[in-house]
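The values are calculated or read from the model by the stated rules, or taken from the named source; none is laboratory data. Quick caveat, the model's predicted, so the values are computed rather than measured. Methodologically, a virtual Cβ is constructed for each residue, glycine included, from the backbone with ideal geometry; neighbour enumeration extends over all protein chains shown.
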Amino acid sequence: MLRSIRWRIAFPYVLLVLLVMLGLGAYLSLIIRESYLERLDTQLTDAALLISDAVTPALKNNNSKGSMDQSAQYYASMLGMRVTIIAPDGTVLGESEEPSAQLDNHLTRPEVAQALARGKGSSIRLSNTLNIQMYYLAVIVKSGQQTLGIVRVALPLAQVDASINHLQGIIMGASAVAAVLAILLAALIAGRITIPLRDLTETVNKMSVNSLKGQRLTGTLIPRHADEVGQLTEAFNGLAVQLQSQIDDLEAERNKMAAVLQEMTDGVLIIAPNGKVQMLNAAAENMFGIHLETAVGHSVAETIRYYQIVDLWQRCQESGEAQSTIMEIIDKKLYLQGVATPLGKSHSGSILLLFQNLTRLRQLETVRRDFISNISHELRTPLASLKALTETLQDGALDDPPAARRFLERIETEVDSMSLMVAELLELSRIESGRVPLKLESTRPVDILTSAIERLRLQAERAGLTLTLDCPQDLPLVLADQPRLEQVTVNLLHNAIKFTPSGGRIGISAQVQNDLVVFSVKDTGIGIPASDLPRIFERFYKADRGRATGGTGLGLSISRHLVEAHGGKIWVDSVEGEGSTFYYSIPIAS
Ligand code: ADP
């Protein structure tokens, strides 16, 4: 019970009131008793003196035992008290309550002894005769120097005790009422203090539950009074607001960090000192084909199947220093640089594993290497042939004019083909580096196709091929740089003519697909082997290097770049021996 503030405040009050009332009660009882006894003493003294005066003559002549019983009874009934008349030797001469003949010598009674010694004596004691508590008072009766006897009067103390009991009853009642009032008052005061405290406790509890659930710390309290509890409430409100704002800041910071981590293209893993995965980001999930839910809490070795990573982590853990490695994940065609860094004691010895994807860089490196080897390869043939032709001329062919002319024509062809290649390369590099600005305008698809066909119609006819156009006039306009898309169509058409034997057919068409117009060039030519299809749009790529078609292998690459610059796509369907269909899509002008 004393654990509640209400009772802790009430208890001392009640104790204090009770102690004061009890002390007061005891003190008053004492005082009242004394004043009663004093009054009794005076009353009894007066009565004894009166009686002694009255019995003096009788005592002078009469001092035999029991001779004055009647006088004693007479005075007793008159004064309303017990009266005893005693001879100087202690013999009871008269007694109001009992025949004195039965009474013993009273000389040893304390009040009698005192009266003989000092003229007056008193005592409070149990009456031998009546067996009740009595106040006895005795005075000596003298005649000159001669002691005639002693008059003793007595009253029972029952009346005094009753008065005192009554008073004590009143005090007890008052104490009880005061205690109840003190309890009520204390409860009232304590209530004023404890209700706001209880509100505060409730709100704090609610907040702690909310914070455990990750919810906001809501619950502002309105101070009821401007006292200390009110100030505490104000301070608490301020604290809650501050705390929430700090939590918000931390959360925002954490979300930012989590977003950065998730959006990073580098794979990140954090490994606890016990070798268990603590955290990993989306990039790491993709790189290693693992999932956050199944990886966290499991050891690196059982989570990641690549031994190089486990080895990297182990080296870092053993040395306590940063370690790095270059590794290839064959099944995912990934080329990675991994760095393991200890996070230090502040992060309980965890290790950070960071994986940078170098696949693209490596591809670029390979492309660059291929490009150089391709270009040297492409130039070597015409250069060798030029060298051979000039040597032949120098060796005497010059003297044979018809032969010399033939050689010069062949030299011209080789130089033309090299010039074409250099021109195409320059074009490609300009397109790739974005130095060919497109002039995009709303263009009719049919215009693009018609002008391309016009440019190559003669060439197709000479090759014995039928050329058909299937393009509705009312197709939606596309957003295009017309000359550039014409160039793409010419490239595709040119290839179709080149790779379709005489008698074949070439169909050119355009149609709408969603918000795109898809152009296509279909031939019934030699087709492209399935194994070559994925690489057909690469620079210098030729499906069949053995066949001398005289191309540079750059046409499709240029076409792809031009289509992609328009925001479109280029692709091919082909079956070897049956023919090919090249498609490209261009967005419709809105
Ligand atoms: P090229 O100047 O050699 O024609 P391209 O980039 O235009 O260069 O074509 C690359 C290769 O793709 C060609 O060498 C050829 O092997 C193949 N190819 C392109 N178009 C066709 C087609 N219509 N039919 C068959 N093969 C084709």
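Among the candidates Leu243, Leu232, single out the residue that is surrounded by fewer than 16 Cβ atoms within 10 Å (Cβ to Cβ), within 17 Å of the chain's Cα centre (by Cα) and not assigned by TED's automatic domain parsing to the domain that holds Ile329.
On inspection, the qualifying residue turns out to be Leu243.
Yes/no per residue for (1) within 13 Å of the ligand (Cβ to nearest atom); (2) farther than 18 Å from Ile497 by Cα; (3) part of a strand (DSSP E or B); (4) touching a Pro at 6+ places or on another chain (Cβ under 9 Å):
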{"residue": "Gly551", "(1), (2), (3), (4)": "yes, no, no, no"}
{"residue": "Leu556", "(1), (2), (3), (4)": "yes, no, no, no"}
{"residue": "His561", "(1), (2), (3), (4)": "yes, yes, no, no"}
{"residue": "Glu564", "(1), (2), (3), (4)": "no, yes, no, no"}
{"residue": "Gly567", "(1), (2), (3), (4)": "no, yes, no, yes"}
{"residue": "Val572", "(1), (2), (3), (4)": "yes, no, yes, no"}
{"residue": "Gly577", "(1), (2), (3), (4)": "yes, no, no, no"}
{"residue": "Phe582", "(1), (2), (3), (4)": "yes, no, yes, no"}
{"residue": "Ile586", "(1), (2), (3), (4)": "no, yes, yes, yes"}
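Inside the range 291-357, counting only strands (runs of 3 or more DSSP E) that do not spill past its ends, which hold 1 or more residues that are within 31 Å of the chain's Cα centre (by Cα) and in contact (Cβ under 8 Å) with a residue 60 or more places away in the chain?
Because the criterion is at least 1 residues that are within 31 Å of the chain's Cα centre (by Cα) and in contact (Cβ under 8 Å) with a residue 60 or more places away in the chain, the strands (runs of 3 or more DSSP E) in the range 291-357 that meet it are 351-357.
So, of the residues in the range 483-540 that are within 13 Å of the ligand (Cβ to nearest atom), basic (Lys, Arg) and in a helix (DSSP H, G or I), which turns out to be surrounded by the fewest Cβ atoms within 10 Å (Cβ to Cβ)?
Out of the qualifying residues, it is Arg535.
Which members of the range 306-315 meet the condition of being farther than 8 Å from Leu353 by Cβ and either out of contact with any helix residue (DSSP H, G or I) (no Cβ under 8 Å at 6 or more places or on another chain) or among the aliphatic types (A, V, I, L, M) (or both)?
Within the range 306-315, Tyr307, Gln308, Val310, Asp311, Gln314, Arg315 qualify.
Find the strands (runs of 3 or more DSSP E) located wholly in the range 38-132 whose residues include 1 or more that are basic (Lys, Arg), and list them.
So the answer is 82-86, 120-126.
Take Val83 and decide whether it is crowded, with 19+ Cβ neighbours inside 10 Å and closer than 12 Å to Glu97 by Cα.
yes
Within the range 371-398, take every residue that is of a type in the set (Asp, Glu) and without any contact (Cβ under 8 Å) to a residue 24 or more places away in the chain and give me the one that is nearest to Lys333 (Cα to Cα).
Glu391
If you go through the range 171-183 one residue at a time, do you hit one that is within 30 Å of Met279 (Cβ to Cβ) and free of Cβ contacts under 8 Å to residues at least 60 places away in the same chain?
No; the residues of the range 171-183 include none that is within 30 Å of Met279 (Cβ to Cβ) and free of Cβ contacts under 8 Å to residues at least 60 places away in the same chain.
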